[in-house]
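The values are calculated or read from the model by the stated rules, or taken from the named source; none is laboratory data. Not measured: the values here are computed from a predicted model. Here the Cβ positions follow ideal geometry from the backbone for every residue, glycine too, while neighbour counts run over all protein chains shown. The protein model used for the area step is the full one, side chains on, heavy atoms only, and it has no ligands, DNA or RNA in it. Shrake-Rupley method; radii C 1.70, N 1.55, O 1.52, S 1.80 Å.
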Amino acid sequence: MVRTAGPQISWPPVDINTAVAVTAQLYSAVSLPGRTGIIAELEGKLAEFFGVRHAVATSSGTAALHAAYSALGLAEGDEVIVPAYTAHPTATPLFHLRVKPVLVDCDELGNIDPLQVEAAITPFTKAIVATHLWGVPARIEALAEIAERRGLRLVEDGSHAHGAAVGGRRVGTFGDVAAFSMGGSKPLSAGEGGFVLTDDDDLHHRVLLHGQDGARCRGEIPIDHPLRRYVVTGTGLAQRIHPLAAALALGQLDELDRRLGGRRQLAAHMIAELRGLPGIGVPEVPARVAPAWYALALVHRPEELGGLPVDALVAALRAEGCLEVDHPRAPRPLNEHPLFDAPNRMFPNLPEGWPRYRAGQYPRAERRHRNTLTVTVPHDDPALAEGYVRAFRKVVTHHRTLIEPT
Ligand SMILES: Cc1ncc(COP(=O)(O)O)c(C=O)c1O
């Protein structure tokens, strides 16, 4: 038994500094015009943290992705290569832009497989999108090389991976543009929110026109920009972050690297202890890759545990007190969503030849999803991490007692 009361890990961590920062913002301004106050401060800190020229805070990760795709000038007839295994908002903004998502299966870590990306490129392909699933970076250098060689744009959905890095370089800085969610328990959380990163001035201006206000667009978009005359309306969407959310995120950002350091240590310990246990596959992450461990995603191998169903394994672990173990329903392979099979009742005017995806088309993603167990990794509680390891050992050792006789 680990511990009985939950939640065992609460994220984002909220302390007195968080309360003071959010309350101070509450008394100073709950609505901010243009790029001012706490929003400007957050964007400045984000740009500095990632080492990019521009950061634009948004109301959600979905809004950030929508703005990024729109800024790239994607249009009807274009195709974008998207991971089959990701959260649906990685792709759904493309439906609104009438741009076809072309799904590609995953590699052994659950991320988009660069070899299969290459095979999916057509004369209509304009961009490749990578999600760093559960905070483990995709093979982003290989994807950047493909994008460069084939003249395509590279978009990163960093929603699970704030602060993750490859070879010392943070994810979100490898492509033309990156979008991040700050919703829920994401590594950097504003409760609800998101942001876009880019080094490209023109993309930045186009991002602003998609959801930021007129005052801001007028203040930042140069007089000679081809879209300058649209500064008042932009595309007509309002997708700005709330100042209280910005205040919450700003405090989290100051602590992010330190907390991720703690998570990495404890994740490394858990992986080392769980490796070799029958029925449990651990992520084998190359040494130069530093994940954000949004969760530690393990892969259940029922054939090594007498066919024990994944839900029975999760129930047994929870009974041992592992309250932060889950068999997540999302992200899930996009081809399993009705929207990707029969989108027309949601989007009646999609262009001819819109792809229809069916269950069974992405075997690696589907198998992985069926067998994924996630464990929330503590950043400052080695005893809890050790308790989880012991519980896994116990449940695996006694798995036969969990299998119902047929
Ligand atoms: C990979 C990924 N991309 C995008 C999003 C969308 O973010 P939001 O919920 O902030 O719109 C999520 C949300 O969970 C996500 O997991």
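Taking every eigenvalue of the Cα gyration tensor of the stretch 122-224, multiplying by 5 and rooting it, what semi-axes result, largest first, whole Å? Walk me through the intermediate numbers first.
Working: eigenvalues 114, 84, 24 Å².
Ellipsoid half-lengths, sorted descending, are 24, 21, 11 Å.
Here the stretch 256-402 yields Rg over Rh of 1.07, to two decimals, using C-alpha coordinates and the Kirkwood radius.
When shorter helices are ignored and each DSSP H run of at least 4 residues is given -39500 (n - 2.57), the per-residue value for the chain at 222 nm works out to -11000 deg cm²/dmol. In terms of overall dimensions, the stretch 198-311 has a Cα radius of gyration and Dmax of 23.1, 68 angstrom.
Please list, by residue number, every one of the trypsin sites (Lys or Arg not before Pro) in the stretch 304-345 that is coil in DSSP and has at most 13 other beta-carbon atoms within 10 Å.
Numbers: sites: R318, R329, R345; in loops: R329.
Loop-located and lightly packed - R329.
Can you bin the stretch 346-405 into rounded, prolate or oblate? Criterion: square roots of the alpha carbon gyration tensor eigenvalues sorted a ≥ b ≥ c, rounded for a/c under 1.5, prolate for a/b above b/c, oblate for the rest. It comes out oblate by the Cα gyration axes.
Across the stretch 109-175, Cα-Cα distances exceeding 13 Å account for 59% of all pairs. Dimensions of the stretch 1-110 from C-alpha coordinates, computed as largest minus smallest value along each principal axis and given longest first, are 52, 50, 26 Å. Taking the Cα centre of the stretch 16-251 as origin and assigning +1 to Lys and Arg Cβ atoms and -1 to Asp and Glu Cβ atoms, the resulting dipole is close to 640 debye.
Longest exposed-loop-site-free stretch of the chain, with GluC sites (Glu not before Pro), DSSP loop and at most 13 other Cβ within 10 Å? Longest gap between qualifying sites, sites excluded: 109-283.
Rounded to the nearest Hz, the phi-derived 3J(HN,Hα) couplings of the stretch 77-90 under the Karplus curve 6.51 cos²θ - 1.76 cosθ + 1.60 (θ = phi - 60°) are x, 7, 10, 10, 7, 10, x, 5, 9, 6, 6, 4, x, 4, where x marks glycine and proline.
Which percent, to the nearest 5, of DSSP beta bridges fully inside the stretch 16-251 are antiparallel?
Working: 13 of 30 bridges.
Here the antiparallel bridges make up roughly 45 percent for the stretch 16-251.
Only Cα sites of the chain enter the Debye sum here, all with the same form factor; the resulting log10 I(q)/I(0) across q = 0.15 1/Å is -1.39, listed in q order.
With a cap of 13 neighbouring Cβ atoms within 10 Å, and only residues DSSP puts in a loop, list the trypsin sites (Lys or Arg not before Pro) found in the stretch 263-303.
Those satisfying the criteria are R275, R288.
By its C-alpha gyration tensor, with a ≥ b ≥ c as the square roots of the eigenvalues, how is the stretch 16-251 shaped: rounded for a/c under 1.5, else prolate for a/b larger than b/c, else oblate? Kindly include the intermediate steps, with their values, before the conclusion.
On the way: a/c = 2.03, a/b = 1.35, b/c = 1.50.
Verdict is oblate for the stretch 16-251.
For the stretch 37-113, applying the loop criterion from DSSP together with a ceiling of 14 other beta carbons within 10 Å to the trypsin sites (Lys or Arg not before Pro) yields R53.
Cross-link partners for K100 among the aspartates and glutamates, with Cα-Cα distance under 12 Å and sequence neighbours closer than 8 places in the same chain left out: E76, D78, E79, E352.
Treating the beta-carbon of each Lys and Arg as +1 and of each Asp and Glu as -1, no other charges, what is the dipole magnitude of the chain about its Cα centre, to the nearest 20 debye?
Details: 41 positive and 45 negative charges, 80 e Å.
Around 380 debye, computed over the chain.
Build a GNM of the chain with springs between Cα atoms under 10 Å apart, and of P101, P351, P123 the one that fluctuates most is P123.
For the stretch 6-45, the solvent-accessible area of protein heavy atoms averages 56 Å² per residue (probe radius 1.4 Å; ligands and nucleic acids excluded). Counting only protein heavy atoms and a probe of 1.4 Å, the accessible surface of the chain is 54% carbon and sulfur.
Take the Cβ atoms of D311 and A342, set R0 to 30 Å, and the FRET efficiency comes out at 0.60. Take the alpha-carbon centre of the stretch 171-217, take the same for the stretch 35-88, and report the distance between them in whole Å. Distance between centres, Cα-based: 3 Å. DSSP assigns beta bridges within the chain; of those with both partners inside it, close to 60 percent run antiparallel.
Farthest toward the positive end of the dipole of the chain, out of T92, P286, A342, is the Cα of A342, where the dipole comes from beta carbon charges about the Cα centre.
3J(HN,Hα) along the stretch 282-292, derived from phi through the Karplus expression 6.51 cos²θ - 1.76 cosθ + 1.60 where θ = phi - 60°, amounts to 9, x, 9, 9, x, 4, 7, 9, 10, x, 9 Hz, with x in place of Gly and Pro. Equivalent-ellipsoid semi-axes for the stretch 43-163 (Cα gyration tensor, √(5λ), whole Å, largest first): 21, 18, 14.
Using the Cβ of R288 as centre and a radius below 14 Å, the other residues enclosed give a net charge of +2, where K and R count +1 and D and E count -1.
So for the stretch 82-138, Kirkwood radius off the Cα pairs, Stokes-Einstein at 20 °C and 1.002 mPa s: how many µm² s⁻¹? Don't skip to the end; give the middle numbers.
Numbers: Rh = 11.7 Å.
Translational diffusion coefficient: 184 µm²/s.
For the stretch 359-406, report the accessible area per residue in Å² (1.4 Å probe, heavy atoms, rounded to an integer). Let's see the in-between values first.
Values: 2650 Å² over 48 residues.
With the other protein chains kept in place, the stretch 359-406 gives 55 Å² per residue.
Taking Lys and Arg as +1 and Asp and Glu as -1, the other residues whose beta-carbon sits under 11 Å from that of D201 total -2.
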